[in-house]
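Here the structure is laid out as structure tokens; the discussion comes afterwards.
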């Protein structure tokens, strides 16, 4: 499919998805994209999307689900992954960092060197998240996410569907217009398993060393990489990459 065609399709999907329920949006994605991949971090948003995928699993083609096992996740997240697979009877494919890339990163920056500079932190995110994501999306025709406008300033312009030039596929955000209150209602009404940290003021949960509880009045993602002052900080998963890696890592030959 040509780029222009994908852009036009994304525009059409924006209009089609807007009036639909979440399950309706997921059903539409399943019908339109035979190779769609949903990437989950097991957060509130992603658990709700997983629930919706399970709801349409018997009605249309399945949406493949993938997750990034960074090696620094909270134990509660790891336990939730196993619980989620069992609860929804769905396969969730796990992608870990490349062993050689991780070894080279640790040699250059050390285990917790990401606290020392933004360059080191982005390098860690690249090795543990972005590089595995590229493998997870290999061969996909659409990327489904749990992004919402309400999450942060950096995500306020999110739409339901857009062409992603980084991965040359259509990126779909079926939760784009949902509020945290609406998510919580869906979770409660459908007995969706969630990370117990959410009840301790962790609305957004990533790697353990890079996540703290938020304070009253802070936005939902304020607890991520809190030591950095940039209000628009991200790991890079949902930002264009100007180069194959934000740092120069010499991969091992062995």
Test: residue in segment 162-173 that is assigned to a loop (DSSP other than H, G, I, E, B), crowded, with 16+ Cβ neighbours inside 10 Å, in contact with a strand residue (DSSP E or B) (Cβ under 7 Å, 6 or more places away or on another chain) and at pLDDT 95 or above: no
Residues satisfying the stated conditions in segment 131-161, i.e. without any contact (Cβ under 8 Å) to a residue 24 or more places away in the chain and surrounded by fewer than 19 Cβ atoms within 10 Å (Cβ to Cβ): 138, 156, 157
Members of segment 175-214 found to be closer than 23 Å to residue 114 by Cα and assigned to a loop (DSSP other than H, G, I, E, B), listed by number: 202, 203, 204, 205, 206, 212, 213, 214
Among (1) within 15 Å of residue 49 (Cα to Cα); (2) within 14 Å of the chain's Cα centre (by Cα) - the single one residue 155 does not satisfy: (1)
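I'd like the full set of residues that are touching a residue at least 12 places away in the same chain (Cβ under 8 Å) and within 22 Å of residue 151 (Cα to Cα), limited to segment 14-36.
Taking segment 14-36 first, the residues touching a residue at least 12 places away in the same chain (Cβ under 8 Å) are 14, 16-18, 22-23, 25-36.
Scanning segment 14-36 gives 14, 17, 18, 22, 23, 25, 26.
In a helix (DSSP H, G or I), touching a strand residue (DSSP E or B) at 6+ places or on another chain (Cβ under 8 Å), without any contact (Cβ under 8 Å) to a residue 24 or more places away in the chain and within 30 Å of residue 124 (Cα to Cα): is that true of residue 85 in this structure? Steps first, please.
Details: in a helix (DSSP H, G or I): yes; touching a strand residue (DSSP E or B) at 6+ places or on another chain (Cβ under 8 Å): yes; without any contact (Cβ under 8 Å) to a residue 24 or more places away in the chain: yes; within 30 Å of residue 124 (Cα to Cα): yes.
Spelling it out, residue 85 is indeed in a helix (DSSP H, G or I), touching a strand residue (DSSP E or B) at 6+ places or on another chain (Cβ under 8 Å), without any contact (Cβ under 8 Å) to a residue 24 or more places away in the chain and within 30 Å of residue 124 (Cα to Cα).
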Neighbours by Cβ (under 9 Å, 6+ apart or cross-chain): first from segment 97-122, on the phi > 0 side of the Ramachandran plot; second part of a helix (DSSP H, G or I): 110/120
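The values are calculated or read from the model by the stated rules, or taken from the named source; none is laboratory data. All values reported here derive from a predicted model rather than from experimental measurement. So basically every Cβ, Gly included, is an ideal-geometry build from the backbone, and we count neighbours across all protein chains shown.
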